[in-house]
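One structure is given here, and the rest of the page talks about it.
The values are calculated or read from the model by the stated rules, or taken from the named source; none is laboratory data. Predicted model, so just to flag it, every value in this text is computed and none were measured. When we count neighbours, we look across all protein chains shown, and the Cβ atoms used for this are built from the backbone with ideal geometry, even at glycine. Side chains are part of the model used for accessible areas, which takes the heavy atoms of the whole protein and leaves out ligands, DNA and RNA. Shrake-Rupley method; radii C 1.70, N 1.55, O 1.52, S 1.80 Å.
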Amino acid sequence: MPTLESLPHVLPEVALAVTAAALFVLEALWQPRGRARRVGFPLLALGGLLAALLFLVASPSSAEPRFFGGLLTQDPFSTFVRGVAIVATALAVGLALGSPSLPSNRRVEYHGLLVLLALGMCLLSSAGHLLMIYVAIEIVSLTSYLLAGFDDRGGRSAEAGLKYVLFGGVASGVMLFGFSLLFGLFGDLSLSGLGQALAHSTTLSTGAGRWATLLALVFVLAGLGFKIAAVPFHMWCPDVYEGAPTPFTALLSVGPKAAGFAVLLRFGTGLWPELATDAAAATSALPWLLLLGVMSTVTMTVGNLAAIWQDNLKRLLAYSSIAHAGYMLMGVVAGGREGPGAVAVYLAVYLIMNIGAFAVVSAVDRSAHSEDIGVYHGLGRRAPLLALAMAVFLLSLTGLPPTAGFVGKLYLFASLIHHGGFWYVLLAVVGVLNSVVSLYFYARVLRAMFLESAAGEPAPVSLANSAAALAVVLAVPTLALGIFWQPLAAIANFSGSLF
Amino acid sequence: MIETQTTLLTWMTFTPLIGVAAIGLLLMARPLLGLSQRAVDHGARLLALLTTLPSLALSYVMWRDFDGAAGGVQFVHHTPWIRAFNIEYFMGVDGLSVTMVMLTALISSVAVIASMPWGIARDDSHHFSRRQVPGYMALLLLLETGMFGVFCALDFFLFYVLWELVLLPMYFLIGIWGGPRREYAAIKFFLYTLAGSVLMLLGMIALYYASEPTTLVDGTAAAHTFNMLKLAEQANRFELMAPILGLPFTKVVWVGMFIAFAIKVPMFPFHTWLPDAHVEAPTPISVLLAGVLLKMGPYGMLRVNYPILPEATLWAQWGVAIFGAINIVYAAFVCMAQKDLKKLIAYSSVSHMGFVLLGMAAFTPQGISGAVYQMWNHGIISPALFLIAGVIYDRAHHREIEGFGGLSKNLPEYTAITGLAFMASLGLPGLNGFISEALVLVGAFPVFKVITIVSASGVIITAAYYLLTMQRVFLGKLNEKYAALRDLNWRERLTLYPLVALMVVLGFYPMPILDLMNPTLHSLVLPFAQRTGLVTGP
């Protein structure tokens, strides 16, 4: 579809770009003080995000899914992930209200960068061209580097930002090299073009060609694995999560990961279109699926085992988010219609429960000024409502019924078992055993909150802030969707298809 | 087929949940009404009683109206729940589950009464019944909902959700209100049972996708089903499924399910969580754990493994019997070495649950009736034993068997009750334990001669450890330290006397229970009996 006619389909992105620009320009020209600064700018950001969400919901359907000459692809899956990215950003804006981890004189930039990040995630979710993937990943990464270093209380945040830049720079460089290899081998940069070239190319018939293709795939996976924080490209994750301001960490653990999964799925189905319809037939995609399967196994196992030893809640949740990337990779491996559907359901659930858990961390941090597990001792008696909400999130992250997390896992396991076959079932078995391991460290937090009593006289935990309110509000759907999850099933039905 | 629907089981299952909500409201209303801590505690206790005792009344109605001779599923409540996975809300009881539901109602009521602080010294503010009462009662009620639900659910997914629902309150009840090593015991319980139930989850999904198209209760078409009765009708189909991990489909699924249930039984070698959990848990929680939770294991086997995967059940017959015998004899020997009264009772539970495994493996009418009757009897006797251990612990603050002596002089009533419960547990004729163990041994002997003879020796060891304990604690020279202990109080009488009365009555006349379950159980094992040549003809 030519450029001008494509515009109505990217109105959400336009709204985000306009909002981000407005935030930066207004800050520079007007330099507001007081209430306008504290409340006005977050409201403006929220308004822009809401507009984007409304445009997204109302976006016209189109027979031709490729826009701007194939740079962007729109299908139900990308529409859904764009929604997840926008909602996650809105929640991060809400969490940031009054957060002590953000310097008050740079609040506006923070919101501008968040909206810009949302724009990057939306573009990444629908990118259908290697160049677009690269550009979108860079938008997401650059804004993330800045946001990670935003907390100016002590050097942890700056360290996080720098580490993130170093790892991110290497990862995207490697990925770019992978792209160039693919272009050299198959002579195309659009995913659909690559898919056709791959199907008819004679490159794969030679040994050297096969190895070069495999190498290119590994390099691409390095860049995408960095975005979803999959092992072995996860090393940045605990340090960045710990150092970054908590409201941003909450977003980082969900938004870029969701966009990363969208592009991972699209890359797979672009190169091997048969993956989207029937994963069993896609024998040509075996090396890709094998890479993903091994990555999934290693990611969830390493994430869960490493989380056992963490005493800082943000680090613990960082390793847990690594493990969850491993779970979601199971859905990518399963493929077909059910795999992406399961990933979409899991993303929706993960959005609610993970941001909820970070909201609790943020609320406790405001009173206790620490994320150490020690400050959670006796939380069940000091702030019962907050502790109860945290318990719901933790059980949901473990995947115990009747919580939404269980439904997400059910979809992932069901997609693998329905697919059948030795390796698929084995992956499912590894997945459930990992759930058992994860119980151990999530239960450590439960134990701290309910089984142990606080030493001395800890500061009272206040519930009168946006983070605590969000935590309590998010706990409701986490529980309700576990008891009646027909809405999640609708998501799975809707977003199962990729073009 | 048009089923008559009734909400009796739904009310029974979810009335405790109303109690949980009411306690939550009470806590929220506390600042508004300016209630004292004492008032809130009493309110929570009252709400727990008010939402538990009705289930006892409902279970009486159920017992009265259940048509044992007709068999089949009764008191059905059946409606679609989540259409995406063809999940239904399907509650109902047959001869197998009706006794378990009654047991749950009875033991839950006993446990709630046992959680009251009546008769506990006023200065003992660290007693579990005085700490964080609203939370305790709310979790206890949540546990009740899970237990009722497991025995009533006939949709596999519903069964699984309720099965998992039991874990969480149990973790907190042991972990917050338990003994010195409570945290270790609680997480061990949680991890063991979760490890088992995730295997059940995978098996359940595999069965779902292997099932053939059918209809939901409202007539809509369903590509697959979680309905356990329909899955059982399709049992032959599962034999034809493609292998899992290179092994036969039904055997893999059977083993996964069996391990999940065996951990709950608990079957050797998965039993090590039980002594820890029991020793640390407060008395009423031990009562529920031994009385009801352990029964979920064999119940699951008889509900899932037997009817849905019959070929694999036949294949595993000897394995189940051998593990049953190991449970009986090994745990009995372990009992001989115990110094802690509660640990002794815990291991005796392991031993007695072995009879259930042995009886159900035989596929004979006597064997299966004995097995399920043993589940019922153990559900009456072991709660009584844990209450007895609680009585002495509340008074002496320890449970060392060697630390007492001559208690019969000052505590005649307690001694008499204990003696009766011990005798019932070791299988003295005239008390209920004898009937079920005898049925199991009679039913198993024609099938497994050597295994049954070995298992029968467990009865002798059981007699030995109970009589030795009796002698050390109650007979001999009075330990002067405990000369001032008081005999049973009214709370303890209220919990112990009904259980002891049942031991005597059902020991002489077991038919009220056996009549309920026999038709269902006999038709459950008939196909197996025909296959193994025990019964010829239809």
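The table below lists the values:
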| item | result |
| --- | --- |
| Subset of region B:200-211 (residues that are at the interface with chain A (Cβ under 8 Å from one of its Cβ atoms) and either surrounded by 22 or more Cβ atoms within 10 Å (Cβ to Cβ) or touching a Cys at 6+ places or on another chain (Cβ under 7 Å) (or both)) | B:Leu201, B:Leu202, B:Ile205, B:Ala206 |
| Tabulated pairs, region B:159-186, first within 11 Å of another protein chain (Cβ to nearest Cβ) and more than 29 Å from B:Arg303 (Cα to Cα), second among the hydroxyl-bearing types (Ser, Thr, Tyr) and open to solvent by less than 10 Å² (accessible area, probe 1.4 Å), C-beta under 8 angstrom, 6+ apart or interchain | B:Ile176/B:Tyr136; B:Trp177/B:Tyr136 |
| Flag if B:Tyr299 is assigned to a helix (DSSP H, G or I), in contact (Cβ under 8 Å) with a residue 24 or more places away in the chain and open to solvent by 10 Å² or more (accessible area, probe 1.4 Å) | no |
| Evaluation of A:Ala230 against (1) within 28 Å of A:Gly184 (Cα to Cα); (2) assigned to a helix (DSSP H, G or I) (one fails), failing number | (2) |
| Failed item, numbered, when B:Gly458 is tested on (1) within 21 Å of B:Pro383 (Cβ to Cβ); (2) surrounded by 23 or more Cβ atoms within 10 Å (Cβ to Cβ) | (1) |
| Candidates A:Leu214, A:Leu252, A:Leu224, filtered to the one that is open to solvent by 10 Å² or more (accessible area, probe 1.4 Å) and of a type in the set (A, V, I, L, M, F, W, C) | A:Leu214 |
| Matching residues, region A:462-496, being buried (at least 20 other Cβ atoms within 10 Å of the Cβ) and either within 10 Å of another protein chain (Cβ to nearest Cβ) or among the aliphatic types (A, V, I, L, M) (or both) | A:Ala467, A:Ala468, A:Leu470, A:Ala471, A:Leu474, A:Ala475, A:Leu481, A:Gly482, A:Trp485, A:Leu488, A:Ile491, A:Ala492 |
| Meets criteria (crowded, with 24+ Cβ neighbours inside 10 Å, part of a helix (DSSP H, G or I) and either touching a helix residue (DSSP H, G or I) at 6+ places or on another chain (Cβ under 9 Å) or among the aromatic types (Phe, Trp, Tyr) (or both)) for B:Val320 | no |
| Single residue of region B:382-410 satisfying the filter (of a type in the set (D, E, K, R) and closer than 23 Å to B:Ala114 by Cα) that is most open to solvent (accessible area, probe 1.4 Å) | B:Glu400 |
| Residue ID - farthest from A:Met121 (Cα to Cα), chosen from residues in region A:40-56 that are surrounded by fewer than 17 Cβ atoms within 10 Å (Cβ to Cβ) and touching a residue at least 24 places away in the same chain (Cβ under 8 Å) | A:Gly47 |
| Cβ-Cβ under 7 Å pairs, at least 6 apart or on other chains, region A:174-196 side closer than 19 Å to A:Leu72 by Cβ, far side hydroxyl-bearing (Ser, Thr, Tyr) | A:Phe179/A:Tyr134 |
| Hits in region B:236-256 - residues which are open to solvent by 50 Å² or more (accessible area, probe 1.4 Å) and under 30 Å from the mean Cα position of the chain (by Cα) | B:Lys251, B:Val255 |
| Matching residues in region B:478-488 - criterion: being open to solvent by 60 Å² or more (accessible area, probe 1.4 Å) and in a loop (DSSP other than H, G, I, E, B) | B:Ala484, B:Arg486 |
| Sole exception among (1) closer than 24 Å to A:Ile483 by Cβ; (2) of a type in the set (A, V, I, L, M, F, W, C); (3) part of a helix (DSSP H, G or I) for B:Phe75, by number | (3) |
| Qualifying residue in region B:6-18 (condition: touching a Ser or Thr at 6+ places or on another chain (Cβ under 8 Å) and within 18 Å of A:Leu388 (Cβ to Cβ)) | yes |
| Selected residue (only one of A:Glu338, A:Glu371 is open to solvent by 10 Å² or more (accessible area, probe 1.4 Å), acidic (Asp, Glu) and within 26 Å of A:Ala92 (Cα to Cα)) | A:Glu371 |
| Condition met for A:Leu426 (surrounded by fewer than 22 Cβ atoms within 10 Å (Cβ to Cβ) and within 26 Å of the chain's Cα centre (by Cα)) | yes |
| Verdict on A:Ser192 being part of a helix (DSSP H, G or I), touching a Phe, Trp or Tyr at 6+ places or on another chain (Cβ under 9 Å), of a type in the set (S, T, N, Q) and surrounded by fewer than 20 Cβ atoms within 10 Å (Cβ to Cβ) | yes |
| Residues that are at the interface with another protein chain (Cβ under 7 Å from one of its Cβ atoms) and either in a loop (DSSP other than H, G, I, E, B) or not β-branched (Val, Ile, Thr) (or both), drawn from region A:399-432 | A:Leu400, A:Pro401, A:Pro402, A:Phe413, A:Ala414, A:His418, A:Gly420, A:Phe422, A:Leu426, A:Ala428 |
| Residue in region B:5-17 that is open to solvent by less than 40 Å² (accessible area, probe 1.4 Å) and closer than 11 Å to B:Pro134 by Cα present | no |
| Qualifying residues in region A:446-461 (those that are free of Cβ contacts under 8 Å to residues at least 12 places away in the same chain and within 14 Å of chain B (Cβ to nearest Cβ)) - the one surrounded by the fewest Cβ atoms within 10 Å (Cβ to Cβ) | A:Arg447 |
| Candidate set from region B:212-225 (those that are closer than 24 Å to B:Asn236 by Cβ and open to solvent by 50 Å² or more (accessible area, probe 1.4 Å)); member that is farthest from the other protein chains (Cβ to nearest Cβ) | B:Thr215 |
| Residue in region B:489-512 that is surrounded by fewer than 21 Cβ atoms within 10 Å (Cβ to Cβ), more than 25 Å from the chain's Cα centre (by Cα), touching a residue at least 40 places away in the same chain (Cβ under 8 Å) and part of a helix (DSSP H, G or I) present | yes |
| Among the residues listed as A:Val437, A:Val361, the single one being open to solvent by 10 Å² or more (accessible area, probe 1.4 Å) and either farther than 22 Å from A:Gln310 by Cα or within 25 Å of the chain's Cα centre (by Cα) (or both) | A:Val437 |
| Residue ID - nearest to the chain's Cα centre (by Cα), chosen from residues in region B:89-101 that are more than 18 Å from B:Lys295 (Cα to Cα) and crowded, with 24+ Cβ neighbours inside 10 Å | B:Met91 |
| Yes/no for A:Val10 being part of a helix (DSSP H, G or I), closer than 16 Å to A:Gly120 by Cβ and at pLDDT below 90 | yes |
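Conditions (1) within 14 Å of chain B (Cβ to nearest Cβ); (2) part of a helix (DSSP H, G or I), marked per residue:
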residue: A:Ala357; (1), (2): no, yes
residue: A:Val360; (1), (2): no, yes
residue: A:Ala363; (1), (2): no, yes
residue: A:Ser370; (1), (2): no, no
residue: A:Val375; (1), (2): no, yes
residue: A:Arg381; (1), (2): yes, yes
residue: A:Leu385; (1), (2): yes, yes
residue: A:Ala389; (1), (2): yes, yes
residue: A:Ser396; (1), (2): yes, yes
